[in-house]
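Right, one structure below, let's go through it.
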Amino acid sequence: MPRLFGTNGVRGVTNQDMDGQLALHLGLAIGTFFEGLIAVGTDTRTSNQMLKNAAVAGLLATGCPVVDAGVLPSPALQYYVKKHRCAAGVIVTASHNPPQFNGIKVVDGDGTELDPDREEEIESIYFSQTWKPASWDGVGQVTSASPIPDYIRGVVHQVDGEAIARRRYTVVADCGNGAGCLAYPQLLRRLGCRVITLNAQPDGTFPGRDAEPTPDNLELLLSTVGSCGADLGIAYDGDADRSIFVDERGRYVYGDKTLAMMAAHLVRREGGVVVTPVSTSSCVEEMVTEAGGRVAYTRVGSPIVARAMREMEATFGGEENGGLIFPRHQYCRDGGMASAALLELMAQREEPLSELVAEVPDYALVKSKVACSHQNKPAVMESFRQRAQNEGLETDTTDGVKIVAEEGWVLVRPSGTEPIIRIYAQSRQQRQAEQMASRYREWVEELVAEKG
Ligand code: MG
């Protein structure tokens with residue numbers, strides 16, 4: 001059976017692979033799979049109304065009542081779904097992708113991203129068109145809700161608001177014209193910050209910057225933080241579940257460092273386990289271990305991290321792309337919660353962000369890739385694993401093959417979507433990381449040629 005859901009729901013270019021019919025049929029399939037109230041929200045994209053209305057028509061046809069939550073950050077919709085015990089949530093968003101893209105993401109009744117088994121069941125209804133329309137008097141109706149104020153209260157409740165307010169922080173928030181516009185400047189003001197906003201009008205053409213908060217896209221934020229004498233800069237992705245921070249000197253803070261800082265802070269306070277994918281920088285484990293905690297590694301993907309966190313009753317978890325999960329609040333990435341938690345960390349430590357970042361150990365990461373057809377990926381990966389084993393190397397096969405050595409580690413992993421095998425090498429020294437990357441890249445190239 002073909003796959004419909006990728007790593008982040010269903011995505012595509014509007015009216016090419018992501019059109020009204022797909023949304024309608026997906027709504028019918030989702031409404032058949034779940035029974036009961038479904039909350040629907042969107043980010044700020046231009047095709048949201050078209051796709052949302054089509055999906056809602058499908059949901060209503062199967063008899064599901066729908067609550068329209070409007071435009072809001074994904075985590076605010078997820079919080080609503082959990083709190084109001086909806087059967088499920090549907091978010092029309094393509095997260096950090098360019099404006100011509102859009103997508104549909106399904107959230108389970110507990111507010112978490114849907115796990116792959118359940119996605120497959122929805123896919124099977126979708127492809128076999130075995131949805132179940134309701135009788136004329138059983139068709140669903142639409143009501144509306146405004147979940148943002150309650151979401152903001154929920155986040156504020158999680159942190160020491162007094163400690164934050166006392167510091168009178170100046171924060172520059174770059175919402176990237178995405179869903180963060182609707183909630184995060186207000187949230188930061190509620191926490192007692194003086195807020196300067198950038199790209200804070202919702203606009204699905206993304207006129208201000210690309211929706212992905214990479215350093216190249218954040219020049220304006222970096223310079224504004226410096227020139228305003230702000231204490232902190234924050235950038236959100238399109239649906240505002242991820243946040244990236246900028247220190248008071250206008251320097252971009254990479255997501256692995258934020259993850260490490262936050263993990264160590266929470267473990268010092270509460271102890272316990274931190275969950276993160278095998279691809280995450282060792283700076284996280286180093287700081288967590290030093291703080292008296294333990295790191296548990298999972299396969300790559302935020303729904304997998306969230307599920308493992310719940311099973312292990314973890315203290316904290318997340319990914320190094322700025323997706324942080326605070327289980328006391330909810331089991332999903334949350335850009336608003338991450339912002340509040342970082343402000344609390346700064347306030348409690350009474351130190352500027354640059355000093356806190358300086359405590360995080362530096363690791364060099366080298367990324368490389370080798371072209372390999374989807375078809376050959378499993379055989380190449382298996383041969384790679386055998387070769388590593390034959391050479392007596394310490395391997396971890398949580399996701400792909402990770403070789404752990406004295407000087408660092410290498411992770412060799414097939415891409416889920418592209419015809420490539422990725423190679424990540426990490427070491428304390430840049431040169432060592434480069435050497436490791438090129439050594440194992442050669443292995444992969446040889447194996448790909450053999451299967452050719
Ligand atoms: Mg996102």
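Taking the conditions (1) out of contact with any Ser or Thr (no Cβ under 9 Å at 6 or more places or on another chain); (2) open to solvent by less than 10 Å² (accessible area, probe 1.4 Å); (3) under 27 Å from ALA211 (Cα atoms) in turn, ILE421 satisfies each one other than (1).
Just one of (1) within 16 Å of the ligand (Cβ to nearest atom); (2) in contact with a Lys or Arg (Cβ under 6 Å, 6 or more places away or on another chain) fails for CYS175. It is (2). Hey, does the range 152-173 have a residue that's assigned by TED's automatic domain parsing to the domain that holds TYR236, within 27 Å of ASN53 (Cβ to Cβ) and not β-branched (Val, Ile, Thr)? So far as the range 152-173 goes, no, none of its residues is assigned by TED's automatic domain parsing to the domain that holds TYR236, within 27 Å of ASN53 (Cβ to Cβ) and not β-branched (Val, Ile, Thr).
Rundown of residues vs (1) in contact with a helix residue (DSSP H, G or I) (Cβ under 6 Å, 6 or more places away or on another chain); (2) open to solvent by less than 10 Å² (accessible area, probe 1.4 Å), yes/no style:
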position	(1), (2)
VAL267	yes, yes
THR280	no, yes
CYS283	yes, yes
THR315	yes, no
GLY336	yes, yes
ALA347	yes, yes
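Of the residues making up the range 184-215, those that are in contact (Cβ under 8 Å) with a residue 40 or more places away in the chain, farther than 18 Å from GLU344 by Cβ and under 18 Å from the mean Cα position of the chain (by Cα) are ASP210, ALA211, GLU212, PRO213.
Annotation note: of PRO73, PRO65, the sole residue that is assigned by TED's automatic domain parsing to the domain that holds GLY140, crowded, with 24+ Cβ neighbours inside 10 Å and touching a Leu at 6+ places or on another chain (Cβ under 9 Å) is PRO73.
Annotation note: of THR280, THR298, the sole residue that is without any contact (Cβ under 8 Å) to a residue 60 or more places away in the chain, of a type in the set (Ser, Thr, Tyr) and away from the ligand (no atom under 16 Å from the Cβ) is THR280. Beta carbons closer than 6 Å, at least 6 apart along the sequence or on distinct chains, pair a first residue in the range 75-104 that is over 21 Å from ALA235 (Cα atoms) and modelled with pLDDT of 95 or more with a second that is within 16 Å of the ligand (Cβ to nearest atom) and open to solvent by 20 Å² or more (accessible area, probe 1.4 Å) for GLY103/ARG11. Scanning the range 139-193 for residues that are out of contact with any helix residue (DSSP H, G or I) (no Cβ under 8 Å at 6 or more places or on another chain) and open to solvent by 30 Å² or more (accessible area, probe 1.4 Å) gives THR143, SER144, SER146, PRO149, ARG153, HIS157, GLU162, ALA165, ARG168, ARG189.
In the range 112-138, what residues are within 24 Å of GLY12 (Cβ to Cβ), away from the ligand (no atom under 16 Å from the Cβ) and outside any helix (DSSP H, G or I)? If you could, list the steps in order and put the result at the bottom.
Quick first cut of the range 112-138, residues within 24 Å of GLY12 (Cβ to Cβ) only: 112-131.
Checking the rest, the ones that are also away from the ligand (no atom under 16 Å from the Cβ) come to 115-131.
Hits for the range 112-138 are ASP115, GLN129, THR130, TRP131.
State all residues of the range 305-327 that are over 17 Å from LEU266 (Cβ atoms) and either within 16 Å of the ligand (Cβ to nearest atom) or more than 14 Å from the chain's Cα centre (by Cα) (or both); if no residue qualifies, say none. Reasoning before the result, please.
Within the range 305-327, the subset over 17 Å from LEU266 (Cβ atoms) is 307, 311, 321.
Result: GLU311, ASN321.
Condition check ((1) in contact (Cβ under 8 Å) with a residue 60 or more places away in the chain; (2) within 30 Å of PHE5 (Cβ to Cβ); (3) open to solvent by less than 10 Å² (accessible area, probe 1.4 Å)) across all residues:
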residue	(1), (2), (3)
LYS369	no, yes, no
ARG387	yes, no, no
THR397	no, yes, no
GLU406	no, no, no
VAL448	yes, yes, no
LYS451	yes, yes, no
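Scan the range 200-230 residue by residue and report those that are more than 15 Å from the ligand (Cβ to nearest atom), of a type in the set (S, T, N, Q) and in a helix (DSSP H, G or I). Passing the criteria: SER223, THR224, SER227.
Counting residues in the range 249-261 that are under 19 Å from GLY180 (Cβ atoms), within 16 Å of the ligand (Cβ to nearest atom) and not aliphatic (A, V, I, L, M) gives one or more.
Condition first: surrounded by fewer than 24 Cβ atoms within 10 Å (Cβ to Cβ) and more than 17 Å from LEU4 (Cα to Cα). Now tell me which residues in the range 26-38 satisfy that. Passing the criteria: PHE34, GLU35, GLY36, LEU37.
Condition check for MET381 on (1) open to solvent by less than 40 Å² (accessible area, probe 1.4 Å); (2) modelled with pLDDT of 95 or more; (3) within 20 Å of the chain's Cα centre (by Cα): one failure, at (3).
The values are calculated or read from the model by the stated rules, or taken from the named source; none is laboratory data. It should be emphasised that the depicted structure is a prediction, and the values quoted were computed from it without experimental measurement. Cβ: placed from backbone, ideal geometry, glycine included. Neighbour counts: every protein chain shown. Keep in mind that these areas ignore ligands, DNA and RNA; they rest on the heavy atoms of the full protein, side chains included. Shrake-Rupley method; radii C 1.70, N 1.55, O 1.52, S 1.80 Å.
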